[in-house]
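Visitor: Shown below is the structure under consideration.
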Amino acid sequence: MSSSISAFKSCNVAVIGAGPGGLVAARELRREGHKAVVFERQAQVGVTWVYQPSVEADPLASDPSRTIVHSSLYPSLRTNLPREVMGFRDYPFLSPGLAHRDSRRFPGHREVLHYINDFTTEFGLTDLIRFEVEEVYTGLGADGKWRLRSRRGNDEEVDEIFDAVVVCNGHHTEPRIAEIHGNSSSAKFLALLFFFSSVSLGIDAWPGKQMHSHNYRIPEPFRDQVVILIGNAFSAVDISRDIARVAKEVHVASRSVDDSMLGKQPGYDNMWLHPMVESVHRDGTVIFQDGSGVLADVIMHCTGYEYYFPFLDTNGIVTVDDNRVGPLYKHIFPPALAPGLSFVGLPWMVHF
């Protein structure tokens with residue numbers, strides 16, 4: 001194993017990201033006598049818990065040259081875990097008992113950000129953080145040290161050497177998009193025409209609007225529209241209920257769902273659950289795997305996010321394959337680079 005970090009000497013460690021993972025990593029490093037420097041793109045702590053009303057110009061967030069909005073929060077979002085299990089062991093996420101705070105057991109996102117700010121203040125972490133770092137690149141040198149280059153605003157680039165790097169950049173910014181088969185048209189004549197001319201059209205030819213839940217904020221833009229949400233995890237459940245208040249119809253397409261749950265959803269006159277989308281058509285029709293279909297205005301991909309580390313060069317040692325980061329021990333340390341490189345907060349669903 002590398003001797004980049006040792007119990008017998010103080011090391012200089014770069015922490016990428018000032019969310020909960022990065023903050024607690026910096027605190028623990030300092031407790032062990034190491035020097036931690038936290039690099040954060042935004043002007044405050046919290047990362048994914050910082051609400052931004054703006055959305056990206058590319059609704060699918062698939063253009064690599066786009067200006068990235070890092071928040072994926074929508075105003076109605078609440079935690080799906082009780083506050084008792086969200087806090088750090090020695091700093092519980094207690095109900096604040098203040099009139100301007102959210103004391104619910106499943107609080108809204110603003111209360112989570114309050115807790116993160118309280119944690120930062122309580123342990124004096126602000127001085128460790130460099131805010132508004134627009135660019136970061138780090139790579140492993142031949143001597144086992146990490147070369148890190150950063151830039152803030154219009155400042156010149158700064159080159160530094162660190163003994164270790166802790167990656168805490170989160171994974172709710174780079175969307176995954178569902179793969180959907182295309183079809184030429186639901187009209188028989190055009191279908192035959194395209195069949196005999198061997199023309200196959202993909203999802204990009206579908207005439208409606210496509211977007212990812214990353215760019216969802218409020219339901220009003222979907223008023224009186226027919227909306228299809230792909231996915232049946234947390235964001236799809238939240239957003240489908242949110243927009244059902246204003247939309248004409250809401251159709252949720254899920255890859256894995258019990259047949260007994262399909263059809264109109266209890267408590268809603270305008271929401272249906274379907275199996276996965278089978279194909280889309282030029283006339284705007286969307287066909288599900290059970291053969292049913294609807295004429296839709298919007299397809300929203302509530303299909304999660306990619307792990308993405310454009311700032312990290314490991315000479316090919318750490319890779320992302322089928323959205324799995326590896327090879328990692330305990331989802332944290334790449335064996336060939338441990339303990340000089342670690343990842344905090346990779347698992348997105350943990351069973352106790």
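The values are calculated or read from the model by the stated rules, or taken from the named source; none is laboratory data. In this text, all values refer to a predicted model and were calculated from it rather than measured experimentally. Because the Cβ atoms are built from the backbone with ideal geometry, glycine has one as well, and the counts that use them run over all protein chains shown.
Visitor: Filter region 294-352 down to the residues that are of a type in the set (Asp, Glu) and within 30 Å of Met271 (Cα to Cα) and list them by number.
Guide: Answer for region 294-352, where residues must be of a type in the set (Asp, Glu) and within 30 Å of Met271 (Cα to Cα): Asp297, Glu306.
Visitor: Can you report the number of residues in region 272-299 which are under 16 Å from Gln225 (Cα atoms), touching a His at 6+ places or on another chain (Cβ under 9 Å) and either β-branched (Val, Ile, Thr) or assigned by TED's automatic domain parsing to the domain that holds Ala61 (or both)?
Guide: Result for region 272-299: 2.
Visitor: In addition: Among the numbered criteria (1) within 26 Å of Ala26 (Cβ to Cβ); (2) part of a loop (DSSP other than H, G, I, E, B), which single criterion is violated by Asp290?
Guide: Result: Asp290 passes all but (1).
Visitor: How many residues does region 320-343 contain that are more than 21 Å from the chain's Cα centre (by Cα) and either aromatic (Phe, Trp, Tyr) or not in a loop (DSSP other than H, G, I, E, B) (or both)?
Guide: Total satisfying the criteria: 3.
Visitor: Same structure, new question: Among the residues that make up region 156-169, is at least one of them at pLDDT 90 or above, part of a loop (DSSP other than H, G, I, E, B) and in contact with a helix residue (DSSP H, G or I) (Cβ under 7 Å, 6 or more places away or on another chain)?
Guide: Yes, there is a match, as at least one residue in region 156-169 is at pLDDT 90 or above, part of a loop (DSSP other than H, G, I, E, B) and in contact with a helix residue (DSSP H, G or I) (Cβ under 7 Å, 6 or more places away or on another chain).
Visitor: Another question, if that's okay. Being under 30 Å from Ala14 (Cβ atoms) and in the same structural domain as Ala25 (by TED's automatic domain parsing) is the requirement here; does His100 meet it?
Guide: When the stated conditions are applied, His100 does not pass them.
Visitor: Do you know which residues across region 234-266 are more than 13 Å from Thr303 (Cβ to Cβ), of a type in the set (Val, Ile, Thr) and either assigned to a strand (DSSP E or B) or assigned by TED's automatic domain parsing to the domain that holds Asn80 (or both)?
Guide: Hit for region 234-266 is Val250, nothing else.
Visitor: Among Val280, Val298, which is crowded, with 17+ Cβ neighbours inside 10 Å, at pLDDT below 95 and more than 20 Å from Ala25 (Cβ to Cβ)?
Guide: Criteria check complete, one pass: Val280.
Visitor: To continue, here is another question. For His114, work out the one condition from (1) outside any loop (DSSP other than H, G, I, E, B); (2) surrounded by fewer than 18 Cβ atoms within 10 Å (Cβ to Cβ) it doesn't fulfil.
Guide: (2)
Visitor: While we're here: In the list Phe93, Phe39, Phe106, Phe88, which residue meets the criterion of being without any contact (Cβ under 8 Å) to a residue 24 or more places away in the chain and not basic (Lys, Arg)?
Guide: Going through Phe93, Phe39, Phe106, Phe88 in turn, the sole match is Phe93.
Visitor: Just one of the numbered conditions (1) modelled with pLDDT of 95 or more; (2) assigned to a helix (DSSP H, G or I); (3) among the aliphatic types (A, V, I, L, M); (4) surrounded by fewer than 15 Cβ atoms within 10 Å (Cβ to Cβ) is not true of Leu193; which one?
Guide: Against the list (1) modelled with pLDDT of 95 or more; (2) assigned to a helix (DSSP H, G or I); (3) among the aliphatic types (A, V, I, L, M); (4) surrounded by fewer than 15 Cβ atoms within 10 Å (Cβ to Cβ), Leu193 comes up short only on (1).
Visitor: Would region 124-131 turn up any residue that is in the same structural domain as Ser76 (by TED's automatic domain parsing), assigned to a helix (DSSP H, G or I) and not β-branched (Val, Ile, Thr)?
Guide: Checked region 124-131: at least one residue is in the same structural domain as Ser76 (by TED's automatic domain parsing), assigned to a helix (DSSP H, G or I) and not β-branched (Val, Ile, Thr).
Visitor: Based on what the data block shows, is Arg105 closer than 22 Å to Val237 by Cβ, out of contact with any strand residue (DSSP E or B) (no Cβ under 7 Å at 6 or more places or on another chain), at pLDDT 95 or above and in a helix (DSSP H, G or I)?
Guide: The answer is no for Arg105.
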